[in-house]
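Undergrad: Encoded as structure tokens, here's the structure I'll be asking about.
The values are calculated or read from the model by the stated rules, or taken from the named source; none is laboratory data. Note that the structure is predicted; figures quoted are calculated from it, not measured. Backbone-built Cβ (ideal geometry, glycine too); neighbour counts: all protein chains shown.
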Amino acid sequence: MPRATTPPTDRTGVLPKRVTIALPVMVCPGISAAFKDGEELEVDIDSGVVKNLTTGKSLRAEALPLDIQQILKQGGLVEVTKAKLAAQSAH
């Protein structure tokens, strides 16, 4: 089952590292107060809605740039690079 965490607010270098391995990082103000340990959540990366499945409360995260969304949907930078290299070698 996918898991989510609420990392510290210092995100220096976090986004590029996570995009590389297709792990979405979304900034969602108020998330720490909206969840207790063990509560389940659902995240819609496209809309930015983060829903607490235990309480029903929803929050809106900051939207990810479209290019980052596409990289994540393709499996991360490693997979994007593999696909580009395969396309180049096919020519």
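Undergrad: I need the full set of residues from region 59-75 which are in contact with a helix residue (DSSP H, G or I) (Cβ under 7 Å, 6 or more places away or on another chain), within 17 Å of VAL43 (Cβ to Cβ) and assigned to a loop (DSSP other than H, G, I, E, B), in order please.
TA: Scanning region 59-75 gives no hits.
Undergrad: Continuing with this model, one more query. Could you pull out the residue among THR54, THR12 that is outside any helix (DSSP H, G or I), modelled with pLDDT of 90 or more and of a type in the set (S, T, N, Q)?
TA: Every option except THR54 fails the conditions.
Undergrad: While we're looking at this one, here's another question. Looking for whichever is more than 21 Å from GLU79 (Cα to Cα) and at pLDDT 90 or above here; the options are VAL49, VAL43, VAL27. Which one fits?
TA: Only one candidate qualifies: VAL49.
Undergrad: Next question. What number of residues within region 16-51 satisfy the criterion of being out of contact with any Ser or Thr (no Cβ under 9 Å at 6 or more places or on another chain) and either part of a helix (DSSP H, G or I) or basic (Lys, Arg) (or both)?
TA: Total meeting the criteria: 6.
Undergrad: Considering region 42-82 alone, what residues qualify as being farther than 15 Å from PRO29 by Cβ and among the charged types (D, E, K, R)?
TA: Scanning region 42-82 gives GLU42, ASP44, ASP46, LYS51, ASP67, LYS73, GLU79, LYS82.
Undergrad: Now a separate question. Could you grab the pairs with beta carbons closer than 6 Å, sequence gap of 6+ or different chains, first residue in region 74-88 and touching a residue at least 12 places away in the same chain (Cβ under 8 Å), second one among the hydrophobic types (A, V, I, L, M, F, W, C) and loosely packed, with under 13 Cβ neighbours inside 10 Å?
TA: Going by the 6 Å Cβ cut-off, the qualifying pairs are GLY76/ILE21.
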